[in-house]
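Peer 1: Just dropping this structure here.
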Amino acid sequence: MKTDRLLPYFLILPTIIYLLIFVFAPLSKAVGLAFLTDEGRFTLGYFERMFSDGRFLEALKYTFLLTITIVPLQLITALLIALLINTRFKGSQLFLYICALPLGIADLAAGLILLSIFTQHGHLNSILYHLGFIEKPFYFISYQHMGFVFLSIVLAEHWRATAIVLVILVAGLQMISKDLLEAADVLGAKPWQKLWHVILPLLKPSLQSALIIRTIFALQMFAVVLALGGEIIPVLAGEAYFWYYIYRNNHISAAYALLLMVISILMTWIYLRFLRTRSEMRA
Amino acid sequence: MNGQKVVIALLVCTVVASGSEKITFMSTQLVPIAEAEWVRSELLPRFTKETGIDVVFVGAGYGEFADRLVAEYKAGKGTIALAGGLHGDYTPLVRTLTDLSKEFADLQALGDRTFIPAFVELGRLNKIQAYIPWTQGTYLMVVNKMALDYLPEGVDIRALTYDDLLAWAKNIYEATGDKKLGIPAGPRSLLHRFVHGYLYPSFTGYQVIKFDSPEAIKMWRFVKELWQYVNPAVATWDAMDTPLLSGEVWIAWDHGARLKQAIIERPDDFIAIPAPAGPRGRGIITVLAGLAIPKASPNPEAATRLIEFLTRPQTQVIILKGVGFFPVVKEAIGTAPEGPLKVLADGVMAQASSKDLITAFIPSGLGTRSGEFSKIYRDTFVEIVVKRRPIREVLSRQGRLLKRLFQETGAPYPPPDESR
């Protein structure tokens, strides 16, 4: 009897040890770095320096702008593809695999691939040149065309990371009971009514996890921005990297990391709060 | 007595015969694959042949370099016998390094090499000889010969001023419609060096003291004008060799090592010239790399022998020929290498012998915060020139950060500021 009660705890013990060593230990170290000087005195100076930095507001702005542009776009694209795949047309499995392929591409690689398209000697410029639209290369990636740089980052992320949302949504769709859909058909629901009143509500848990994962990743987005935006478009994760590796102040770097964590937790909380499924609400 | 001798002889024999002594040399310099390969296949085998000591060369970024030195120091047990890094790499790590005063005196006693005294002095950190000078680098300009057709009349290319540079770039733009001037501004570029070590000393005479002075305001107005002729793609370029080779840029400023490849690939197409002079003189930076022995070094004796080898005048010339890093011992300077590097060496020598020189050093003593110094100048450039924010406002804000940085660290202002 006693072992039965203890067994679950034994079983999760390895996970807990793993989390303690590889998640909580570094995390507490990061908190320490952000609030303590090298001599171990408490200070808010690192946060003050971060907030007063000339690039901070811009980094914050672009992090949010990119997130609120990319995440909804990905969600819509992924939902459309998932619904398409769910019609089980011939070859839909193959189509799913092809759509999921970019999952295997590292974000830096994705950024570099897009860079090779948009750079002054890139594919886009050579196509435009050969078609006679331009006489000399157009500088898409430059200080003069912030819009293009922003767009190329959105494009890279959209191409690379939509697949993860897609996979989650396809799994979610497949879990929806056929009986419910057939019942809707019997009651004479039109396709969009079926989508709106049956599929989407039942898909909510999947949408929720997809949103949480994607938003957190979008907030942490860094390699793609680094490859395409250089320093033109700063983001919070990039600033954390720059402060550690280039400006060599790990305290301020930790402050950025903590800020990102707080924002991520906040966003997750918001999703959990506002996308609650019916059973949770009843409970 | 006799027995003792036999034992000693035996010991000597074992050491010589084993010959498999192996040390690790970790460096933040010569990290790019081509350079590291050269170190492994060309440079270090000479040392191994001479001493029987095998050297494992490990290239590392600053983060890894610092992390390993600190970790091995804390553990009291290390694998890195010798470290190679920039002056600025060592300043936050002095506590992990051995005092090399005695080793340095031994090297001097050999009598075959005279280190540039200012470099030795820079290697003294926290009252110890933290490193021994190894190589020096500098930043200069490389010009495509096609640009020479547009050089304003009466301008001496070896004594260029910033006004000449502006007129030159403008001529090219008006004639070809292209912005052919290149100053690297990518995230890993050395843009900040251009601002604090070239622009500021040339226009204000100082790196720090006159950061937000009226001269500085005039300077930034000039830079904004110059920026109109800078290639708009610079934000993605970390080094200027590629755009020089592709022809997107005709006149480029960068670190010698980051311009080298252009000259090596097409030595007949390019020339190297001194950086321009401003109203106060020709501000230039000298970058110093040094060799240090960590306190946790497993084999300081072998490391000392490697230092002796690497600072030997002959080796210094080999390094110049191999990778274009310039010597720090006087006996090696003047031995101009043959081939494409002569083009670069000519530029470096012409720059070093300019009469109106103001030599700036990358500041030391800022410790872990030396990166913030770079950031202030970089941000200032981006805010004023790229984002077009009001000069006065940006200068006073960034100037406050700069003052606070030196106040909080107690670091001396870097030359030329402190010497005046």
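Bear in mind that the values in this text are calculations on the coordinates, not laboratory data. This structure is a prediction, so every number in the text was calculated from the model and none was measured. Cβ placement follows ideal geometry from the backbone for every residue including glycine, while neighbour counts extend to all protein chains displayed.
Peer 1: If exposed GluC sites (Glu not before Pro) are those in a DSSP loop with at most 13 other Cβ within 10 Å, what is the longest stretch of chain B that has none?
Peer 2: No qualifying site falls inside B:154-337, the longest such stretch.
Peer 1: Collect residues whose amide H, placed 1.01 Å from N in the peptide plane, falls under 5 Å from the amide H of B:L97; neighbours closer than 5 in sequence don't count.
Peer 2: B:K295
Peer 1: A follow-up question, please. Pick out which of B:D163, B:D106, B:D178 has the largest mean-square fluctuation in a Gaussian network model of chain B, springs linking Cα atoms closer than 10 Å.
Peer 2: So, out of B:D163, B:D106, B:D178, the one fluctuating most is B:D106.
Peer 1: Another question about this same structure. Using Cβ counts within 10 Å as a stand-in for footprinting exposure, how do B:T380, B:T176 rank, fewest first?
Peer 2: On the way: B:T380 27, B:T176 13.
Exposure proxy ranking, most exposed first: B:T176, B:T380.
Peer 1: In nm, give the distance between the simple-model label positions of A:F22 and B:L148, each being 7 Å from the Cα along the Cα-to-Cβ direction.
Peer 2: About 6.1 nm, to one decimal.
Peer 1: Under the Karplus relation 6.51 cos²θ - 1.76 cosθ + 1.60, θ = phi - 60°, what is the ordered set of whole-Hz ³J(HN,Hα) values for the stretch B:259-265, x standing for Gly and Pro?
Peer 2: Once rounded to whole Hz, the list reads 10, 3, 4, 4, 5, 5, 6.
Peer 1: In addition: What is chain B's relative contact order, in percent, from Cα pairs under 8 angstrom and six or more apart in sequence?
Peer 2: 23 percent
Peer 1: Now, a different point. Would you mind giving the average projected area, over all directions, of the Cα convex hull of the stretch A:58-235 in nm² with one decimal?
Peer 2: Its average projected convex-hull area is 12.4 nm².
Peer 1: Report the calculated FRET efficiency for A:I134 and A:F95 (r = Cβ-Cβ distance, R0 = 35 Å), to the nearest 0.05.
Peer 2: 0.50
Peer 1: I'd like the Karplus ³J(HN,Hα) series for the stretch A:22-37: coefficients 6.51, -1.76, 1.60, θ = phi - 60°, whole numbers in Hz, and an x wherever there's a Gly or Pro.
Peer 2: Using θ = phi - 60°, the values come out as 9, 10, 6, 5, x, 5, 5, 5, 5, 4, x, 4, 6, 10, 10, 6 Hz.
Peer 1: Spelling out what I want: for every residue of the stretch B:97-106, take phi, set θ = phi - 60°, compute 6.51 cos²θ - 1.76 cosθ + 1.60 (Karplus), and round to whole Hz; glycine and proline get x.
Peer 2: 10, 6, 6, 9, 4, 5, 4, 5, 4, 4
Peer 1: Looking at chain A, identify the longest residue range that excludes and avoids all GluC sites (Glu not before Pro) in DSSP loops having at most 10 other Cβ atoms within 10 Å.
Peer 2: A:136-283
Peer 1: B:R389's amide H: which non-local residues (gap 5+, or another chain) put their own amide H closer than 5 Å, with H modeled 1.01 Å from N in plane and none for Pro or chain starts?
Peer 2: For B:R389, the qualifying residues are B:I384.
Peer 1: If you don't mind, another one. Give me the mean projected area, in nm² to one decimal, of the convex hull enclosing the Cα positions of the stretch B:222-359. Can you show the working numbers first?
Peer 2: On the way: hull surface 44.7 nm².
Dividing the Cα hull surface by four gives the mean projection, 11.2 nm².
Peer 1: Find out how many positive minus negative residues lie around B:Q228, taking Lys and Arg as positive, Asp and Glu as negative, among other residues whose Cβ is under 11 Å from that of B:Q228.
Peer 2: +2
Peer 1: May I pose another question? Could you work out the mean count of beta carbons from other protein chains within 10 Å of each residue's beta carbon in B:229-239?
Peer 2: 5
Peer 1: Amide H neighbours of B:E331 under 5 Å, counting only residues 5+ apart in sequence or on other chains, H built in-plane at 1.01 Å?
Peer 2: Amide H to amide H, under 5 Å and 5 or more residues apart or across chains, B:E331 pairs with B:T114.
Peer 1: Among B:V234, B:A277, B:S396, which residue has its Cα furthest toward the positive end of the charge dipole of chain B, with +1 on Lys/Arg Cβ and -1 on Asp/Glu Cβ?
Peer 2: Going by the charge dipole, the pick is B:S396.
Peer 1: On to the next question. Rounding to the nearest 20 debye, state how big the charge dipole of the protein assembly as shown is about its Cα centre with +1 on each Lys and Arg Cβ and -1 on each Asp and Glu Cβ. Don't skip to the answer; put the middle values down first.
Peer 2: Values: 69 positive and 60 negative charges, 406 e Å.
Charge dipole of the protein assembly as shown: 1940 debye, to the nearest 20.
Peer 1: Which of B:I23, A:I117, A:I232 comes first, and how do the rest follow, when ranked by fewest Cβ neighbours within 10 Å?
Peer 2: A:I117, B:I23, A:I232
Peer 1: Along the charge dipole of chain B, pointing to its positive end and built from +1/-1 on Cβ of Lys, Arg, Asp and Glu, which listed residue (B:L44, B:Y131, B:F25) has its Cα farthest out?
Peer 2: Of B:L44, B:Y131, B:F25, it is B:Y131.
Peer 1: If you average the sequence gap of Cα pairs under 8 Å that are 6 or more apart and divide by the length of chain A, what percent do you get for the contact order? Could the numbers behind the result be given before it?
Peer 2: Working: 289 pairs, mean separation 76.9, N = 283.
This gives 27 percent for chain A.
Peer 1: Further question on the same structure: Put +1 on the Cβ of each Lys and Arg and -1 on the Cβ of each Asp and Glu in chain B; which of B:T380, B:P243, B:F325 then has its Cα farthest toward the positive end of the dipole?
Peer 2: B:T380
Peer 1: Per Stokes-Einstein, at 20 °C and 1.002 mPa s, what whole-number D in µm² s⁻¹ belongs to the protein assembly as shown, with the Kirkwood radius over Cα pairs as the hydrodynamic radius?
Peer 2: 74 µm²/s
Peer 1: May I ask you to list the residues of the stretch A:215-243 whose amide nitrogen lies under 19 Å from a point 7 Å from Cα along the Cα→beta-carbon direction of A:L65?
Peer 2: Residues A:218-240 qualify, since their backbone N sits under 19 Å from the label point.
Peer 1: I would also like to ask the following. For A:Y46, B:Y173, A:Y97, what's the fewest-to-most ordering of other Cβ within 10 Å of each Cβ? Intermediate values should be presented prior to the final figure.
Peer 2: Details: A:Y46 23, B:Y173 16, A:Y97 9.
Least to most surrounded, the residues fall as A:Y97, B:Y173, A:Y46.
Peer 1: If each DSSP helix of 4+ residues adds -39,500 (n - 2.57) and the sum is divided by the residues in chain B, what number results at 222 nm, nearest 500 deg cm²/dmol? Mind dumping the intermediate values first?
Peer 2: Details: 17 runs with 180 residues, N = 420.
The helix-only estimate for chain B comes to -13000 deg cm²/dmol at 222 nm.
Peer 1: With labels modelled as points extended 7 Å from the Cα through the Cβ direction, what inter-label distance (nm, one decimal) is found for A:L36 paired with B:K49?
Peer 2: 5.3 nm
Peer 1: Now for a different question. Once you put a point 7 Å from the Cα of A:W269 and another 7 Å from the Cα of B:K22, both along the Cβ direction, what distance in nm separates them?
Peer 2: Output for this residue pair reads 5.4 nm.
Peer 1: Restricting attention to the stretch B:138-222, which trypsin sites (Lys or Arg not before Pro) occupy a DSSP loop and are surrounded by at most 16 other Cβ atoms within 10 Å? Write out the running numbers ahead of the final one.
Peer 2: Details: sites: B:K145, B:R158, B:K170, B:K179, B:K180, B:R188, B:R193, B:K210, B:K218, B:R221; in loops: B:K179, B:K180, B:R188, B:K210.
Within the stretch B:138-222, the qualifying trypsin sites (Lys or Arg not before Pro) (loop, at most 16 other Cβ atoms within 10 Å) are B:R188.
Peer 1: Sum -39500 (n - 2.57) across every DSSP H segment of at least 4 residues in chain A, then divide by the residue count to get the 222 nm mean residue ellipticity, nearest 500.
Peer 2: -23000 deg cm²/dmol
Peer 1: For chain B, what is the Kirkwood estimate of the hydrodynamic radius, computed as the reciprocal of the mean inverse distance between distinct Cα atoms, to one decimal in Å?
Peer 2: With all distinct Cα pairs of chain B included, I get 22.7 Å.
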